């Protein structure tokens, strides 16, 4: 990181600074933090499967699914880049962030599973309009959906391919078999 990256930035400064960077960064407490380089094939397949499942369900609604290129402000000096975000704001030609995220999805892998997830979850939980946080394990068919219930968040853990996440706040559903389509896991029949 150059000197510019070592000074505290506002989210606006950070988003402009990111335009000149080859790597992807998040803003944590006002400081750019380089994201993990490269994703495993399983991580990538899961992200594409989630986008492919959500896109047709969101078509015709005010919401859309986005990639990590769309930033999510989590606090005054914080900007995150979820693997998938469902946002219900109209796309703007010169904007780099979701204004009204309704769902964030993060895919956990061997390289990122233990890195600040509680902190990230806490930041996401503070987003006023967010209805869902979905954490998907890329190493086995497991996921946890956090659903906002008033001022609290209720987790739902799923282990296996038979379950479906109902997401009425965005008019969608995500089946575990669709999330993990094309992947095989040890011990699977």
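Table for the structure above
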quantity	calculated
Debye intensity ratio I(q)/I(0), log10, segment 111-184, q values 0.12, 0.22 Å⁻¹ (C-alpha model)	-0.36, -1.09
log₁₀ of I(q)/I(0) at q = 0.14, 0.18, 0.20 Å⁻¹ - segment 17-97, Debye sum with one point per alpha carbon	-0.55, -0.87, -1.03
Distance from segment 40-109 to segment 137-163 (C-alpha centre basis), Å	18 Å
Ranking of 34, 77, 92 by count of other Cβ atoms within 10 Å, fewest first	92, 34, 77
Cα gyration tensor, segment 39-179 - rounded (a/c under 1.5), prolate or oblate	rounded
Segment 39-179, relative contact order in percent, only Cα pairs under 8 angstrom and at least six apart counted	21 percent
Which of 109, 61, 184 has the fewest Cβ neighbours within 10 Å, and the rest in rising order	184, 61, 109
Evaluated at q = 0.24 Å⁻¹: base-10 log I(q)/I(0), Debye formula over Cα of segment 42-82	-0.87
Per-residue [θ]222 nm for the chain (sum of -39500 (n - 2.57) over DSSP H runs n ≥ 4, rounded to 500)	-6000 deg cm²/dmol
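Bear in mind that the values in this text are calculations on the coordinates, not laboratory data. For clarity, every value in this text was computed on a predicted model and none was experimentally measured. Note that each Cβ is placed from the backbone with ideal geometry, even for glycine, and that neighbours are counted across all protein chains shown.
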